[in-house]
1. Looking for something under 17 Å from Glu172 (Cβ atoms), assigned to a loop (DSSP other than H, G, I, E, B), without any contact (Cβ under 8 Å) to a residue 24 or more places away in the chain and assigned by the TED database to the domain that holds Leu303 - is there at least one such residue anywhere in the range 195-203?
2. Just checking, how many residues over the range 145-168 are in contact (Cβ under 8 Å) with a residue 24 or more places away in the chain and either surrounded by 21 or more Cβ atoms within 10 Å (Cβ to Cβ) or assigned to a helix (DSSP H, G or I) (or both)?
3. Do the conditions hold for Val185, that is, is it within 18 Å of the chain's Cα centre (by Cα), over 20 Å from Ile221 (Cα atoms) and either assigned to a loop (DSSP other than H, G, I, E, B) or not small (Gly, Ala, Ser) (or both)?
4. If you check every pair at least six apart or on different chains, which have Cβ atoms under 8 Å apart with a residue in the range 95-109 that is of a type in the set (S, T, N, Q) first and a residue that is modelled with pLDDT of 85 or more second?
5. Where the second residue is surrounded by fewer than 10 Cβ atoms within 10 Å (Cβ to Cβ) and the first is in the same structural domain as Arg306 (by the TED database) and lies in the range 278-289, which pairs have Cβ atoms under 7 Å and are six or more apart or on separate chains?
6. Among the acidic types (Asp, Glu), open to solvent by 100 Å² or more (accessible area, probe 1.4 Å), part of a helix (DSSP H, G or I) and not assigned by the TED database to the domain that holds Pro258: does that describe Glu451?
7. Listed residues Lys246, Lys234, Lys241, Lys255; which is touching a helix residue (DSSP H, G or I) at 6+ places or on another chain (Cβ under 6 Å), open to solvent by 30 Å² or more (accessible area, probe 1.4 Å) and not aliphatic (A, V, I, L, M)?
8. Filter the range 60-90 down to residues that are of a type in the set (Lys, Arg), exposed (fewer than 12 other Cβ atoms within 10 Å of the Cβ) and under 30 Å from the mean Cα position of the chain (by Cα) and give me whichever is farthest from Glu177 (Cα to Cα).
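The values are calculated or read from the model by the stated rules, or taken from the named source; none is laboratory data. Predicted model only: the values in this text are computed from it and were never measured. No Cβ is skipped: glycine too gets one built from the backbone with ideal geometry, and neighbour counts run over all protein chains shown. Only protein heavy atoms, including side chains, enter the accessible area calculation; ligands, DNA and RNA are left aside. Shrake-Rupley method; radii C 1.70, N 1.55, O 1.52, S 1.80 Å.
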Amino acid sequence: MSASVTRCPGCGSSNIVDDDLYCQAQRVCVDCGSVVSEGVLTDDWTGDTEISYSRTTAVARKPCLNLIKGLQRVKAICRILRVNSEIENHSQTYYTQAYQHEAFIRVSLQKKEVLAGCCVLVSCRLLNWPITMGTISCLLDADPVVVGAVYQEMIKILNIKAPVFIINDVIEAHSQEYKISSLHVPEELAENSRDLTKRAVALVELAADTWIVTGRHPTPIMMASIYLSWQSLKPNKHRLKLTLDKFCQMAKVNKLKPAMKRIAEMKEVLCKLGREIPWVREAVTPDNVMQQVEDILNYRFALLRRALRTHEETLQTESEASGQDSVPEEAASSQVSEHGEQNSNAPTAEECELNAGSVQRPRDGNDDPHTEPDGNTGGGESQAPAPNWGKRVLFAPPCVVHPKRRRVERPECKDVTGDEEISDSEIDSYIRTPREAREFALTQKMLSESEKT
């Protein structure tokens with residue numbers, strides 16, 4: 001029947017409407033309910049439901065809108081980081097593979113955006129392009145914990161073996177985020193990025209030698225090293241009085257709270273080594289140690305050996321004065337000999353200038369320069385190590401210097417029944433001695449006399 005019919009052939013009514021309730025459009029008479037026409041072919045959209053991208057059975061699927069937006073986001077992140085085309089292609093490939101997996105196809109848009117950043121991160125690491133997870137989190141304005149969880153899930157699903165980066169390799173890329181060039185800040189506060197990176201790498205290496213890097217997140221350590229490097233390169237009054245908060249505001253980066261603790265720990269290490277410089281006559285404190293950073297980094301291996309030797313001699317002197325057993329000499333020899341190996345390629349003039357002494361002590365097999373061996377050097381029974389041995393060592397891991405308090409299991413309180421055995425010594429403690437009996441009688445007499453008066 002033609003679609004141009006305007007009257008019902010049954011009742012002759014002209015009250016005809018289009019019924020789109022079902023999948024096929026129909027024209028129905030309102031008065032009698034007769035179907036006037038059906039199966040009309042038309043080029044206009046009739047309200048058919050679209051099949052979702054995940055349920056389509058087409059061999060060549062058309063990319064959905066969210067996939068297209070995700071690939072555009074991946075490309076935008078790559079352009080911001082200025083990576084090469086190979087990393088960009090790898091990132092888009094990983095994003096397409098991860099997006100089609102069932103673990104990521106029905107997640108929130110925020111998680112898909114984080115997935116785009118994680119694909120760029122893993123591509124950079126595989127192709128040896130230094131970048132940190134904190135940088136990706138900053139670009140996406142996402143929680144680093146969420147980024148880390150999505151990253152671990154993605155490399156597990158795609159079976160990617162991403163290499164673990166070294167903090168020294170990413171400092172150069174991280175330092176580029178700080179806007180402290182002469183184009184952004186005044187001349188007295190500006191610093192060259194190459195010099196800043198070189199000084200920051202040296203500070204991080206020193207922090208690694210003194211256990212500060214162990215078990216710590218890398219981004220706060222890099223922020224602390226860049227801040228101290230910026231102050232020590234030109235230690236003038238304008239830089240020294242600038243706090244970390246103002247420095248981050250000036251450099252247009254987000255401040256990390258743990259960076260304050262890392263700065264304090266690095267300054268403490270610098271002070272310990274600065275006190276060993278022979279030509280420094282004044283007391284080295286955290287307030288004036290920035291002037292000595294260049295000398296400390298230039299002679300850090302010799303200063304480390306000198307500081308360890310001085311610390312061991314101090315411990316021996318204190319133990320001899322208190323009448324206790326002296327500190328084992330093997331601890332000092334192991335700590336000094338290890339730093340001697342690290343500085344084997346350094347010029348010998350360094351030690352001559354510092355008067356550090358080049359006498360090599362016999363090794364005891366312990367190659368760790370910052371730990372102290374157990375006291376059982378002989379063949380006797382092994383003794384339990386003293387609690388918190390990190391307090392006796394000059395440099396120790398943070399988990400040793402500040403250990404977590406362990407929960408002490410309290411014994412369960414048993415109900416008192418009255419049938420418990422009482423020892424003779426306990427019974428004797430309840431009986432008054434003759435002296436106590438005399439004092440008690442004297443007290444009673446004095447109290448009775450005071451009541452009479």
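1. At the first step, the residues of the range 195-203 found to be under 17 Å from Glu172 (Cβ atoms) are 195-203.
The next check asks that each one be assigned to a loop (DSSP other than H, G, I, E, B); those that pass are none.
There is no residue in the range 195-203 that is under 17 Å from Glu172 (Cβ atoms), assigned to a loop (DSSP other than H, G, I, E, B), without any contact (Cβ under 8 Å) to a residue 24 or more places away in the chain and assigned by the TED database to the domain that holds Leu303.
2. First, pick out the residues of the range 145-168 that are in contact (Cβ under 8 Å) with a residue 24 or more places away in the chain: 146-147, 150-151, 153-155, 157-158, 160, 162-163, 165, 167-168.
Checking the rest, the ones that are also either surrounded by 21 or more Cβ atoms within 10 Å (Cβ to Cβ) or assigned to a helix (DSSP H, G or I) (or both) come to 146-147, 150-151, 153-155, 157, 167-168.
Matching residues across the range 145-168 total 10.
3. Working: within 18 Å of the chain's Cα centre (by Cα): no; over 20 Å from Ile221 (Cα atoms): yes; either assigned to a loop (DSSP other than H, G, I, E, B) or not small (Gly, Ala, Ser) (or both): yes.
No, not satisfied.
4. These pairs meet every condition: Thr96/Leu67; Thr96/Leu71; Gln97/Leu158.
5. From residues that are in the same structural domain as Arg306 (by the TED database), the pairs are Pro278/Asn355.
6. Here the answer is yes, as Glu451 does meet what is asked.
7. Numbers: Lys246 fails: touching a helix residue (DSSP H, G or I) at 6+ places or on another chain (Cβ under 6 Å); Lys234 fails: touching a helix residue (DSSP H, G or I) at 6+ places or on another chain (Cβ under 6 Å); Lys241 fails: touching a helix residue (DSSP H, G or I) at 6+ places or on another chain (Cβ under 6 Å).
So the residue among Lys246, Lys234, Lys241, Lys255 that is touching a helix residue (DSSP H, G or I) at 6+ places or on another chain (Cβ under 6 Å), open to solvent by 30 Å² or more (accessible area, probe 1.4 Å) and not aliphatic (A, V, I, L, M) is Lys255.
8. Only one residue tops the list, namely Arg79.
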